Amino acid sequence: MNATSSTAGSPLGSPVSREAALRIALAARALPGVDIAAFVRALGDRLGLPVTDDKLARVTVADIKTMLQGDEIVDPGVDGEALKTAVRYLWGEGVEDGLPRVDADVPDAAGMLRVAVASNSGELLDGHFGSCARFLIYLISEKGLWLAEIRSTLACDEAEDRNAARAELIADCHLAYMQSIGGPAAAKVVRAGVHPVKFPVGGNAREALTQLQGTLKRPPPWLAKVLGVQTRSLQYDTSEEAEA
């Protein structure tokens, strides 16, 4: 995966480092009631473009208070602790171990099941489709499971239709796991060719996907339908079934 996050057309300037994008996404989500897209625009206006890690490290609580009182972001009465948490995220505190690393031995994706996982922290399945900070992209076969990419959703929050943008972000995946998703958003995911899977309990992403991996030899009907012609490339052995 590239070290930078694509932000073409974004008020943050381009390129923005992967960590900077994560800092901003986490800070915005720490401020309840704040419009994320407006927060991003206000941050770019306040700091000047391009937004860099160093500029984020100099943001103060007073800066955020000023931003919240701007024309686009009406102060929602965010309490002091939330403001401090947002500033700490912008500084990078609590983020160092929050972004997992992709696996070093990721194989070629041909014939593999590709799954997007909605995540906000670490390598956890702990996100809602419409508000998660990123999607973890895994490749799965009977022989292994690999974290192949990490895709920030920050740029999607600038789109006119955020859910459609998020669906497009993971359109190359077969499945998308999330804790929850609304009906209209799920329809957009399906139209993008991705099968949404609600996993309300959340938890460790690899553990959840290991359960899925265990079904690949004899996939249930819903999964076989999703895989379509790729079922054979995933080595679904039908010989035993034929003999039964």
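The values are calculated or read from the model by the stated rules, or taken from the named source; none is laboratory data. A quick note: this is a predicted structure, and the numbers were derived from the prediction, not measured. Don't worry about glycine lacking a Cβ; one is built from the backbone with ideal geometry, like all the others, and counts go over all protein chains shown. The area values use the complete protein model at the heavy-atom level, side chains included, leaving out ligands, DNA and RNA. Shrake-Rupley method; radii C 1.70, N 1.55, O 1.52, S 1.80 Å.
Applying the condition of being in contact with a strand residue (DSSP E or B) (Cβ under 7 Å, 6 or more places away or on another chain) and either among the hydrophobic types (A, V, I, L, M, F, W, C) or over 19 Å from SER121 (Cα atoms) (or both) to region 198-209 and asking which residue is most open to solvent (accessible area, probe 1.4 Å) yields PHE199. Within region 94-102, one or more residues are under 20 Å from VAL16 (Cα atoms) and touching an Asp or Glu at 6+ places or on another chain (Cβ under 6 Å).
Checked across region 218-228, the condition of being crowded, with 20+ Cβ neighbours inside 10 Å and at pLDDT 95 or above holds for no residue. Can you pull out the residues in region 108-156 that are open to solvent by 40 Å² or more (accessible area, probe 1.4 Å) and more than 13 Å from the chain's Cα centre (by Cα)? Within region 108-156, ASP108, ALA110, ARG114, GLU142, LYS143, TRP146 meet the criteria. Looking at region 91-113, is at least one residue under 28 Å from GLY214 (Cα atoms), modelled with pLDDT under 95, in a strand (DSSP E or B) and not aromatic (Phe, Trp, Tyr)? Yes, region 91-113 has at least one match.
Here's the yes/no breakdown for (1) hydrophobic (A, V, I, L, M, F, W, C); (2) modelled with pLDDT of 90 or more; (3) outside any helix (DSSP H, G or I); (4) in contact with a Ser or Thr (Cβ under 7 Å, 6 or more places away or on another chain):
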position: ALA25; (1), (2), (3), (4): yes, no, no, yes
position: VAL34; (1), (2), (3), (4): yes, no, yes, no
position: ALA37; (1), (2), (3), (4): yes, no, no, no
position: LYS55; (1), (2), (3), (4): no, yes, no, no
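Evaluate region 132-146: report whether one residue or more is out of contact with any strand residue (DSSP E or B) (no Cβ under 9 Å at 6 or more places or on another chain) and under 16 Å from ALA20 (Cα atoms). No, the conditions are met nowhere in region 132-146. Answer yes or no: is there a residue in region 152-171 that is under 27 Å from ALA38 (Cα atoms), modelled with pLDDT under 95 and either of a type in the set (Phe, Trp, Tyr) or assigned to a strand (DSSP E or B) (or both). Yes. If a residue has to be in a strand (DSSP E or B) and either hydrophobic (A, V, I, L, M, F, W, C) or surrounded by fewer than 20 Cβ atoms within 10 Å (Cβ to Cβ) (or both) to count, how many in region 172-190 make the cut? Adding up the residues that qualify gives 4. Of the residues examined, ALA20 is one that is modelled with pLDDT under 85, part of a helix (DSSP H, G or I), of a type in the set (A, V, I, L, M) and closer than 28 Å to ASP103 by Cβ. Residue under question is LYS84, and the condition is that it be open to solvent by 70 Å² or more (accessible area, probe 1.4 Å), at pLDDT 85 or above and not small (Gly, Ala, Ser); does it hold? Criteria met by LYS84.
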